[in-house]
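Note sheet for the following structure.
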Amino acid sequence: MEDPRIVADRILANVDRVIIGKQHETRLALVCLISRGHLLIEDVPGVGKTMLARALAKSIGCTFQRIQFTPDLLPSDVTGISVFNQSTRDFEFRAGPIMAQVVLTDEINRATPKTQSSLLEAMEERQVTVDGVTHRTPDPFMVMATQNPIEYEGTFPLPEAQLDRFLLRVQLGYPSPTDEVLIMDAQQSRHPLEALEEVTNAAGVLELQEAVRGIYIDPLIKQYIVTLVNATRQHESVYLGASPRGSLALMRSTQALALLDGRDFVQPDDVKQLAFPTLGHRVLVSPGARVRSIDSAQVIEECLGRVPVPGARARGGG
């Protein structure tokens, strides 16, 4: 088996050829992939959300499908349908786009709640049920959803149950002026995505995912994560804190980050670095706190300040 870190570095370098100046966000996307999670990219149009999904799928040699969510999209347009075959006199399943390995659901909050809910089973249980028959999604499987946080007209906000199924939420943000010039240079003759080649395959991704599970996480780190998540539930400005799924997401993503950093153990700093990407969308601030301009980022920052950090043993000191 090839060194997992070498494979991961190769994927990151390949994606960075398309997504310029966003190395941190690209790392988070890879953390999400090798943690067997799903990614929510929340940002304004035109900053590269779709390109990130396409570049990642192309780099790992996985099948890719894009679903444009609109108010008239039906659940069957996502999961697939059963069609009667005249020759066999039986119904056969015609898979929908959700049965790809990397699925981009563009502007997910523009679909109705009924259509949004068609993703729930696939994201959590990695299967879809159509007409009482269950069909497994392929491995690896990842949903990358985008939404515009500015324009709310004609949208349907994602319910808590849907948000909770995303391992991470990231914002790409605008590029710096220097990076924006580099983007223009890179696309002057043709788009760099056209020349992008795969640097690993689905089997390589599955090996990375298995390697993540082998990263050691000290019991003190686990207790640190649980205490931090509990602090979000007890914070005076919070209406709804992070769920146990949030604890699991933080644990798994810190293991993936440790692997990318070339370590075989998790450090408390990994938890601090990933606390907001994993918990921010799971924490609902109370209406009174929103009036005082308090958001989930501030809540998590305060929780990190209140929870004691584990000692030397949890830092890999023995």
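Bear in mind that the values in this text are calculations on the coordinates, not laboratory data. Keep in mind that what you see is a predicted model, and the values were worked out from it rather than measured. Here the Cβ positions follow ideal geometry from the backbone for every residue, glycine too, while neighbour counts run over all protein chains shown.
In Å and from the alpha-carbon atoms only, list the Rg and Dmax of segment 172-318.
19.3, 55
Charges only on Cβ, +1 for Lys and Arg, -1 for Asp and Glu: so what's the dipole of segment 159-213 about the Cα centre, in debye to the nearest 20?
Working: 4 positive and 10 negative charges, 34 e Å.
Rounded to the nearest 20 debye, it is 160 debye.
Give me the distance in nm between label points sitting 7 Å out from Cα along the Cα-to-Cβ direction at THR134 and ARG66, one decimal.
Modelled inter-label distance: 3.3 nm.
What nm value, rounded to one decimal, do you get for the distance between ARG10 and LEU163 when each label is placed 7 Å out toward the C-beta?
Here the answer is 3.9 nm between the modelled labels.
Per the helix-only calculation at 222 nm, which mean residue ellipticity applies to the chain, given -39500 (n - 2.57) for every DSSP H run of n ≥ 4 and division by its residues, nearest 500 deg cm²/dmol?
Details: 14 runs with 138 residues, N = 318.
Mean residue ellipticity, 222 nm, calculated: -12500 deg cm²/dmol.
Charges at C-beta only: +1 for Lys and Arg, -1 for Asp and Glu. How large is the resulting dipole of the chain about its Cα centre, in Debye rounded to 20? Kindly include the intermediate steps, with their values, before the conclusion.
Numbers: 32 positive and 39 negative charges, 131 e Å.
Taking the Cα centre of the chain as origin, the dipole is about 640 debye.
Along the charge dipole of the chain, which of PHE84, PRO219, ILE294 sits closest to the positive end, that is, farthest toward it, with unit charges on the beta carbon of Lys, Arg, Asp and Glu (+1, +1, -1, -1)?
Working it through, the farthest residue towards the positive pole turns out to be PRO219.
Evaluate the distance, in nm, between pseudo-label points positioned 7 Å from the Cα of GLU125 and of HIS191 along their respective Cα→Cβ axes.
3.6 nm
Going 7 Å from the Cα of GLU198 along its beta-carbon direction, which residues of segment 15-40 have the amide nitrogen within less than 17 Å of the resulting point?
15, 34
Students often forget the sequence filter, so: which lysines lie under 20 Å Cα-Cα from LYS58 once same-chain residues fewer than 8 apart are removed?
Those lysines meeting the cut-off are LYS22, LYS49.
Would you look at the GNM of the chain, springs on alpha carbons closer than 10 Å, and say which of GLU180, GLU107, GLU42 moves the most?
Taking springs between Cα atoms under 10 Å, the residue moving most is GLU180.
For segment 231-303, run through the trypsin sites (Lys or Arg not before Pro) and keep only the ones in DSSP coil with at most 13 other Cβ atoms within 10 Å of their Cβ. Could the numbers behind the result be given before it?
Details: sites: ARG233, ARG245, ARG252, ARG263, LYS272, ARG282, ARG290, ARG292; in loops: ARG263, ARG292.
The qualifying sites are ARG292.
Just rank THR227, THR115, fewest to most, by other beta-carbon atoms within 10 angstrom.
On the way: THR227 15, THR115 24.
With the sparsest Cβ surroundings first, the list reads THR227, THR115.
Please report the Cα spread of segment 1-153 along all three principal axes, rounded to whole Å, starting with the longest.
Extents along the principal axes: 53, 48, 24 Å.
If I take every Cα pair under 8 Å that is 6 or more residues apart in segment 4-207, average their sequence separation and divide by the length, what percent do I get for the relative contact order?
Values: 351 pairs, mean separation 67.3, N = 204.
Once divided by the residue count of segment 4-207, the mean separation gives 33 percent.
As I understand it, the value is the acute angle between the Cα axis of helix 177-186 and the longest principal axis of the Cα atoms of the chain; what does it come to in degrees, rounded to 10?
The two axes meet at around 30 degrees.
How big is the equivalent ellipsoid of segment 55-102 along its three axes, where each semi-axis is √(5λ) from the Cα gyration tensor, reported in whole Å from largest to smallest? Please report the intermediate quantities before stating the final value.
Numbers: eigenvalues 140, 54, 6 Å².
Calculated on Cα positions only, the semi-axes equal 26, 16, 5 Å.
Length gain on complete extension for the stretch LEU304 to GLN171, per 0.36 nm per residue less the alpha carbon to alpha carbon distance?
Working: separation 133, 0.36 × 133 = 47.88 nm, distance 2.08 nm.
That pair, LEU304 and GLN171, stretches by 45.8 nm at full extension.
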